[in-house]
Each structure stands twice: as C-alpha cells, then as structure tokens.
1. Restricting to segment 116-130, and then to whatever is out of contact with any Leu (no Cβ under 6 Å at 6 or more places or on another chain) and either without any contact (Cβ under 8 Å) to a residue 60 or more places away in the chain or in a strand (DSSP E or B) (or both), can you tell me which residue is surrounded by the most Cβ atoms within 10 Å (Cβ to Cβ)?
2. Take residue 191 and tell me if it is among the charged types (D, E, K, R), surrounded by 15 or more Cβ atoms within 10 Å (Cβ to Cβ), modelled with pLDDT under 95 and under 27 Å from residue 83 (Cα atoms).
3. Scan segment 2-36 for residues that are farther than 24 Å from residue 154 by Cβ and of a type outside the set (Ser, Thr, Tyr) and jot them down.
4. Of a type outside the set (Ser, Thr, Tyr), at pLDDT 95 or above and in contact with a strand residue (DSSP E or B) (Cβ under 9 Å, 6 or more places away or on another chain): is that true of residue 165 in this structure?
5. What number of residues within segment 40-62 satisfy the criterion of being more than 19 Å from residue 85 (Cβ to Cβ), among the hydrophobic types (A, V, I, L, M, F, W, C) and touching a residue at least 24 places away in the same chain (Cβ under 8 Å)?
6. Out of 91, 64, 144, I need the residue that is closer than 22 Å to residue 187 by Cα, outside any loop (DSSP other than H, G, I, E, B), of a type in the set (A, V, I, L, M, F, W, C) and in contact with a strand residue (DSSP E or B) (Cβ under 9 Å, 6 or more places away or on another chain). Which one?
7. What about residue 106, is it over 17 Å from the mean Cα position of the chain (by Cα) and free of Cβ contacts under 8 Å to residues at least 40 places away in the same chain?
Amino acid sequence: MADEFPALGRMLRVFGSRQIRNRATMGGNLVTASPIGDSAPVLLALDAKLGLASIEVNANGDVLGTWEETIPIKDFFISYRKTALQPDQILKRIIVPRFPSAPGLIRRCEWYKVSKRREMDISTVAACFTVDLDRGGIVRHARLAYGGVAAMPARALKTEEALLGKPWTYETIKNVLSILETEFTPISDVRGAAEYRRGLISSLFERFCFDTTARRRKRKFLPGSSPRPLRRRSVRSARKRAQTRHRRGNVRGRSLFRQNHARSLARLFTLCASKDFEARRNRRATNARHSRSVTRGRYSGPE
C-alpha cells in the first residue's frame with residue numbers, strides 16, 4: 001500500500017519497533033483509541049472507513065448469522081480511550097479510498113511525527129494533511145487530522161471548511177492559521193507542554209504547505225543552460241553519510257551490507273586521491289608481489 005499511499009508507508013516505517021511491526025496489527029492500534037496513536041491521523045486524513053462485524057446467536061448458542069456495519073473512522077472515536085465498538089463487535093476491516101475525492105484533482109498528502117526519538121518512541125504530536133487541488137491550484141477537498149492535541153484523534157473541521165475554494169498559497173495558510181489555533185486545547189504531560197503542542201499545531205501545517213508548494217516551484221533550466229555544478233564533498237563526509245544510512249537501515253529493517261558501502265567509498269577515495277597516494281599504493285602492491293614471489297621460490301630480483 002505504500003506505493004499508492006506514501007504517507008501511510010512513511011508512518012509504518014517508524015511504527016513501533018521491528019518486533020511490533022511484525023506481530024501487531026493496525027486494527028489494534030485503532031481499537032486502543034490512544035490519542036497519540038500513529039495510525040489514526042493518517043486514516044482520518046485519507047477518509048478511511050471501518051468494518052465492524054458481529055455474530056448473532058440464540059439462547060442455545062447456535063449461530064444465526066453474521067452482521068457487518070461500515071462507519072467512517074471520524075465517527076469511531078467517541079472520547080478518551082472510548083470507541084463506537086460494541087461489546088459483541090470486532091474490527092474486521094479497514095477501507096481506504098484509492099483515489100482523490102473527485103476526478104481530475106491532484107492529491108497532496110503528508111504525515112508528520114514529533115517525538116524525542118525518531119524511532120521507537122511515542123508521539124508528542126502526530127499529524128497528517130490531505131488536500132485535493134484542481135488544475136488552477138484551488139482547494140476542493142481538505143483533511144487536517146491530529147493526534148496528541150486532544151482527548152482523541154480528531155480533525156480540524158473549521159479550518160478544513162475555511163480552506164475550500166481558496167488557492168493553495170502561503171497567503172491562504174496565513175489567513176486560516178488563526179482558525180486552526182482555536183480548534184484544539186492540548187494538555188501538558190511528560191512528553192510536552194500544552195504551549196509547545198499548541199505551537200506544533202500551526203507549525204506542522206505550515207511545513208505541509210511549504211513541502212507541497214515547493215514541489216511545484218522546482219527550478220527549470222532553459223535549453224542550452226546547465227544546472228549549478230554539484231559541490232565536491234570530502235571522503236570523510238561521504239563515509240559518515242554511508243555509516244548513517246547503515247545505522248538507519250538497521251533500525252528500519254532494510255539495512256545494506258557494510259562491505260557494499262566500503263566498496264563504494266574505496267572507489268570514491270581512489271578518484272579523490274592525490275598522485276602521491278597513488279604512487280605509495282603502487283609501491284605497496286609491488287612489494288607485496290615480491291614477497292609472495294620470495295615465499296614461493298620464484299624471486300629473480302637482486303640479491
């Protein structure tokens with residue numbers, strides 16, 4: 001699903017630890033109804049629906065039939081740690097729409113998480129934003145979902161309504177920030193103060209606007225012109241980046257072999273090396289060949 005829903009894929013890559021990702025379910029993360037759950041804001045922003053199933057039995061315990069009810073996820077959370085799930089129901093399926101709200105619209109969707117650590121940490125604030133734009137850049141559909149700023153995961157309904165019909169520009173964002181700041185009343189706990197969370201509500205939305213508008217303002221080069229040449233970086237910085245990628249890959253379960261980085265760095269070091277280094281390396285290789293010849297009794301050099 002990460003190919004069709006990149007925001008969902010980014011969330012799942014930092015969803016708990018590798019053990020949690022291999023054993024836990026997204027349904028369990030929803031049913032626990034934690035206000036700081038990572039999956040709820042994403043599914044709220046994607047207008048997901050939940051299938052709740054139940055079994056009807058008679059007095060003798062015979063099964064009379066099974067029933068399934070589909071509700072929007074925005075109606076699933078009732079209050080703190082409480083859901084619309086009845087005692088005789090289970091969460092059977094999660095339904096995520098595959099296309100934008102209307103044909104011809106362009107979807108922009110991003111997920112953000114603020115925590116003390118990047119991996120294996122509870123969110124201080126999590127947010128996911130979705131806007132569908134027409135060809136003129138006008139907002140036709142908006143979903144702003146947050147976790148960690150209220151008693152349950154919720155959407156900024158007033159801000160969503162204020163965005164409809166407006167151009168997706170920084171001026172529009174500045175005009176609706178005053179509405180967004182009044183949508184939630186966060187509390188203070190060990191992970192962050194209420195004032196800090198209140199600032200994240202608006203700053204994350206501004207970050208979303210910057211990320212999505214900068215994508216449309218990529219620099220284009222005229223025919224015959226060339227982009228700015230890349231800056232040559234040192235071997236030390238390249239080695240540091242490779243080690244960082246290796247450590248990050250270990251945590252996310254997709255690490256590369258260290259020797260792969262070593263080979264690439266060896267090639268890079270050879271290209272950046274000076275002539276003196278090349279001469280020393282050639283002398284060491286020659287001495288090594290002579291040593292092997294002496295050991296095998298085939299050395300024909302001077303006595």
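1. 128
2. Yes: the conditions hold for residue 191.
3. 2, 3, 4, 13, 18, 19, 20, 21, 22, 23
4. Here the answer is yes, as residue 165 does meet what is asked.
5. Residues flagged as more than 19 Å from residue 85 (Cβ to Cβ), among the hydrophobic types (A, V, I, L, M, F, W, C) and touching a residue at least 24 places away in the same chain (Cβ under 8 Å) within segment 40-62 amount to 3.
6. After applying the criteria, what remains is 144.
7. It is true that residue 106 is over 17 Å from the mean Cα position of the chain (by Cα) and free of Cβ contacts under 8 Å to residues at least 40 places away in the same chain.
Residues are listed down the side, and each one gets a yes or a no for (1) modelled with pLDDT of 90 or more; (2) in contact with a Pro (Cβ under 7 Å, 6 or more places away or on another chain); (3) loosely packed, with under 12 Cβ neighbours inside 10 Å:
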position: 75; (1), (2), (3): yes, no, yes
position: 78; (1), (2), (3): yes, no, no
position: 90; (1), (2), (3): yes, no, no
position: 96; (1), (2), (3): yes, no, no
position: 107; (1), (2), (3): yes, yes, no
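The values are calculated or read from the model by the stated rules, or taken from the named source; none is laboratory data. Everything numeric here is computed off the predicted structure, so don't read it as measured data. All Cβ positions, even for glycine, are placed from backbone atoms using ideal geometry, and neighbour counts span all protein chains on display.
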